[in-house]
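Notes follow once the structure below has been shown.
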Amino acid sequence: MAENLIEVRDLKQYFPISTGWFQTKPLKAVDGVTFHIRQGETLGLVGESGCGKTTVGRTMLHLYTPTAGEIIFEGKKLMTREDIRAYRKKAAMVFQDPYSSLNPRMTVADLIAEPLDIHRLYKSRQERREKVLELMAKVGLNGEQAGRYAHEFSGGQRQRIGIARALAMEPKFVVCDEPVSALDVSIQAQVINMFTDLQEQMGLTYLFIAHDLLVVRHICDRIAVMYLGKIVESGEADELYKNPMHPYTKSLISAVPLPDPKMARQKRRLMLKGDVPSPLNAPPGCPFCTRCPYATDICREKMPEMAEVSAGHFTACHHVDQAN
Amino acid sequence: MALLEVKDLQVSFFTPAGEVKAVGGISFSLEKGKVLGIVGESGSGKSVTAYSIMQILEKSGKIVSGSIRFQGQELVGAGEKVMKNLRGTRISMIFQDPRTSLNPTFTIGHQLMEGILLHTQRNRQQAWDRAVEMLKLVGVNEPEKRMKQYPHQLSGGMRQRIMIAMALACEPDILIADEPTTALDVTIQAQILELMQKLQKEMGMAIIMITHDLGVVAQMCDEVIVMYAGTICEQGTVEEIFYNPRHSYTRGLLRSIPTLEHSGRLRPIAGSPIDLLNMPQGCPFAPRCEDAMKICLKKRCERTAINDRHYAACWLNHKEENGGDDG
């Protein structure tokens, strides 16, 4: 089994929210998550909006300084500024919205070369240009378009520019934050295939954050399901789909509309009542207890521990037996 | 007689860069109590079709030709007075983004009652009661309290429920839903779709469901229209479209989405979306079609019947007749 490339332990990210003069309350966006990603693997992070999945991605890259917890990259804990600086050369991010994540005043060549400029990774203008063209070819863009601006491209092409930018440093680890959700279906498949190809060519390791469960299931080796800042279930992608254990995962999977009229109409749905509570007043026990059909008093008081239900399949629920 | 009949509808936007033919001559009809799905990518003209039926196009957009008949009454050129009486009472619409389609400066109650007071004979007290009744119907908890709240105090799913309550308050014959669940999470999407199905059965209205999500179509619709670059590629019953697609764009779409059973590489549709300012002469999909023939680049295929409930506009269905023309 491959080694862990990156590991996070009990990662917490709180944001202070002002509640009055000189008074703040912590918004627990990420509240103690622990997971690892092996070399060359894709871990999918799924959950609904506001569950903290994007914050996990950003905190992992130290775009936010974690409130608590450890990030261990290639077996070494990130401690000092030098550690983080070195780590940032090896870790990159692809953002969700290809329309707002590219500076409209920069040409494609400048956008892609920006990370190279920052870390001074070329000796001459000629070398810079060559690197840009090589990256453009890698993501399927025409090198002749290097002098153009982002607005001249379609959504799918812009996302390719974003990917080329992320790959400029030849990273080992890439956080992909909803990279295909803003794209049309026919373009989505092109970009998904490109992610798979690049992973094979460059030996990349991905954290793939998304809410589209069919896409995640397609691209990921393992999946972690988040709810209100906590991971409630994780396991191999196939296993998680066939045997979801946590009531939240069950309802999430049963809510996916299947592109097949007969299956879609026969399917039994586990409907959830109500909405996700605000992370500002999350329940003290299990985060899901307000919507869970099996919730009892213990759920409202105590957060269940992660337990292994089968090899590599973990879930945090007091009533696993009852729910299944 | 069909409830709604659209014939040869052409809609163009006149922009500084030239005429954009957003909808290029489409025809379809909607029967009472049916759910019609319109699928397509961004820029395929699906929303413009809906906006044309409601006649709420932007200033630069014009219905160039064609007719839209609602219960036999012609709507194109009927004038604002006629439309005002139809909008909200006979034909209602819900929009994609529940955040921006409610007015942040008025209470939910005010916005719900506005339409009821305008279109029915009810007085303020009766309108209030009707609004509360509608909120109950769409599953909003504590409806009396919600009536006094402002949109920002509610979640996205709740706001979309309120949009639905507003659209249905006057019991319309047709509900046009433009990507009603795209901005919502899956579990909330499932709730909203179920609610729409339930209300559709109870109230017997017809729904036009505009979406890019084939999963939503499979679950909700009786009939489907597949649009590409302002034209209809294929239309038919939901079973025909999913199990017997006869246009290469539909086939490509169905192949390119990940499914639960099948793993391995996806088969995307090659190329980029079409530029509506430079439409090709032949079939608009031909530049991206794997099976394109010579005739596809030259001439647009007319709509042909596959059977009595299924139509497609693809030269591949005429391959035998044009045998010598291939390649």
*Considering every residue in A:220-226, what mean count of other chain Cβ atoms within 10 Å of its Cβ is obtained?*
0
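Evaluated at 20 °C with a viscosity of 1.002 mPa s, what Stokes-Einstein diffusion coefficient in µm²/s does segment A:86-229 have when Rh comes from the Kirkwood expression over alpha-carbon pairs? Provide the component values of the computation, followed by the final result.
Values: Rh = 15.7 Å.
Here the translational diffusion coefficient equals 137 µm²/s.
What's the Kirkwood radius of segment A:269-324 in Å, using all Cα pairs? Working shown, then result.
Values: mean 1/r = 0.0814 Å⁻¹.
Every distinct Cα pair counted, the radius reaches 12.3 Å.
With all protein chains present and a 1.4 Å probe, how do B:Met196, B:Met1 order by accessible area, largest first? All intermediate terms of the calculation are to be shown ahead of the outcome.
Details: B:Met196 5, B:Met1 180 Å².
In descending accessible area the options line up as B:Met1, B:Met196.
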_Rounded to the nearest percent, how much of the accessible area of segment B:176-254 (1.4 Å probe, protein heavy atoms only) is carbon and sulfur?_
44 percent
*Looking at chain B, what % of its DSSP beta bridges pair antiparallel, to the nearest 5?*
65 percent
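Per Stokes-Einstein, at 10 °C and 1.306 mPa s, what whole-number D in µm² s⁻¹ belongs to segment A:195-244, with the Kirkwood radius over Cα pairs as the hydrodynamic radius?
134 µm²/s
Determine the total buried accessible area between chain B and chain A, counting protein heavy atoms only with a 1.4 Å probe; round to the nearest 100 Å².
Details: alone 16410 and 16870 Å², together 29710 Å².
In total, chains B and A hide about 3600 Å² from solvent.
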*Taking the radius of gyration and the Kirkwood hydrodynamic radius from Cα positions alone, what is the Rg/Rh ratio for chain B, to two decimal places?*
1.00
*Please work out the ratio of the alpha-carbon Rg of segment B:1-141 to 2.2 N^0.38 Å and round it to two decimals.*
1.21
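I want the antiparallel fraction of DSSP beta bridges within the protein assembly as shown, as a percent rounded to 5.
Values: 64 of 101 bridges.
Of those bridges, close to 65 percent are antiparallel.
Need one value for A:42-48: mean number of C-beta atoms belonging to other chains within 10 Å of its residues' C-beta atoms.
Values: counts 0, 0, 0, 0, 1, 1, 5.
Mean number of neighbouring Cβ atoms from other chains: 1.
Contact order normalised by length for chain B, with contacts defined as Cα pairs under 8 Å and 6 or more residues apart; what percent is it?
Values: 585 pairs, mean separation 64.2, N = 327.
After rounding, I find 20 percent.
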*asked:* Using protein chains only and a probe of 1.4 angstrom, how many square angstrom of A:Asp197 are accessible, to the nearest 10?
replied: 50 Å²
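Taking segment B:67-166 on its own, what percent of its Cα-Cα pair distances exceed 22 Å? Don't skip to the answer; put the middle values down first.
Details: 1734 of 4950 pairs.
Cα-Cα pairs in segment B:67-166 separated by more than 22 Å: 35 percent.
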*Keeping all protein chains in place, calculate the accessible area per residue for segment A:117-233 (probe 1.4 angstrom), answer in Å².*
37 Å²
*What do you get for Rg/Rh over segment B:194-244 if you use C-alpha atoms and the Kirkwood form of Rh?*
1.00
*Dividing the Cα radius of gyration by the Kirkwood radius, what Rg/Rh value follows for segment B:219-303?*
0.98
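For the protein assembly as shown, would you read off the P(r) tail past 50 Å as a percentage of all alpha carbon pairs? Write down the numbers at each step before the final one.
On the way: 31520 of 211575 pairs.
Cα-Cα pairs of the protein assembly as shown separated by over 50 Å account for 15 percent.
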*Measuring from the lowest to the highest alpha carbon on each principal axis, how far does chain A reach, largest first, in angstroms?*
67, 55, 46
*Peptide B:272-279 - average C-beta neighbours from other chains (10 Å radius)*: 2
*What net charge is computed for the residues neighbouring A:Gly140, neighbours being all others with C-beta under 12 Å from the C-beta of A:Gly140, Lys and Arg scored +1, Asp and Glu -1?*
+1
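Summarise the accessible area of segment A:1-50 (1.4 Å probe, protein heavy atoms) by the percent that is carbon and sulfur. Walk me through the numbers on the way to the answer.
On the way: 1460 of 2710 Å².
Reported share for carbon and sulfur atoms: 54 percent.
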_Between 0 and 90°, nearest 10: helix B:108-119 axis offset from chain B longest Cα axis_ = 80 degrees
*Give the angle, between 0 and 90 degrees and rounded to the nearest 10, that separates the Cα long axis of helix A:81-90 from the longest principal axis of the Cα atoms of chain A.*
80 degrees
*For chain A, modelled as a Gaussian network with Cα springs under 10 Å, which listed residue fluctuates most, A:Thr205, A:Thr42, A:Thr107?*
A:Thr107
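The values are calculated or read from the model by the stated rules, or taken from the named source; none is laboratory data. Everything numeric here is computed off the predicted structure, so don't read it as measured data. As a convention, Cβ positions derive from the backbone with ideal geometry for all residues, glycine included, and neighbour counts pool all protein chains shown. The area values use the complete protein model at the heavy-atom level, side chains included, leaving out ligands, DNA and RNA. Shrake-Rupley method; radii C 1.70, N 1.55, O 1.52, S 1.80 Å.
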